Amino acid sequence: MFAWAIAGSLILGAPSLKDKPATIDLNGEWEISSYLLDGRAAPTDVHIHFDGGIATFTGGPFGDVVGTCTFDLNRTPAELDIRFPDGRGEPMIGIIKREGQGLLLCFASKTRPTKFESPKDSDIGLITLIRAKKR
């Protein structure tokens, strides 16, 4: 009986896997496989390379753009912010999570989204990122 009580308290008191922060490895080259902005499809011809606190965007309307990124994996959902010190892009204040083998990034320029969605006329972007194929 005593053994059952100890086993029960260990099981009930043990943190579950869902309580642990997600591990997200951003480093490397990513392709945008889908992109919604204001609920409408947007161009996906941008690659993003994350290297520590640097995010380099290639392609798109501004050409190559370098931003600084910070993230907090201890938040639920995890937070990712990208700022462009040269002024060639609006800040990306967002949330991020793993989605299969890729990542789902939801962002806005002023207020952090709380859901992974991009409603019409919301100024919220929703991007699905997949690892770029090695060339």
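Some values worked out for this structure:
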| item | result |
| --- | --- |
| Among (1) modelled with pLDDT of 90 or more; (2) surrounded by 15 or more Cβ atoms within 10 Å (Cβ to Cβ); (3) more than 14 Å from TRP30 (Cβ to Cβ) - the single one ASP121 does not satisfy | (2) |
| Unmet criterion (only one of (1) surrounded by 14 or more Cβ atoms within 10 Å (Cβ to Cβ); (2) at pLDDT 90 or above) for ILE54 | (1) |
| Subset tally (residues that are assigned to a loop (DSSP other than H, G, I, E, B), without any contact (Cβ under 8 Å) to a residue 40 or more places away in the chain and surrounded by fewer than 14 Cβ atoms within 10 Å (Cβ to Cβ)) for segment 24-46 | 4 |
| Residue check for THR70: of a type in the set (Val, Ile, Thr) and either touching a Leu at 6+ places or on another chain (Cβ under 9 Å) or free of Cβ contacts under 8 Å to residues at least 12 places away in the same chain (or both) | yes |
| Residue count for segment 80-113, restricted to those that are surrounded by fewer than 13 Cβ atoms within 10 Å (Cβ to Cβ) and either in contact (Cβ under 8 Å) with a residue 24 or more places away in the chain or among the charged types (D, E, K, R) (or both) | 3 |
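The values are calculated or read from the model by the stated rules, or taken from the named source; none is laboratory data. The structure displayed is predicted, hence computed values, not measured ones. Glycine also receives a Cβ, built like all others from the backbone with ideal geometry; neighbour counts cover every protein chain displayed.
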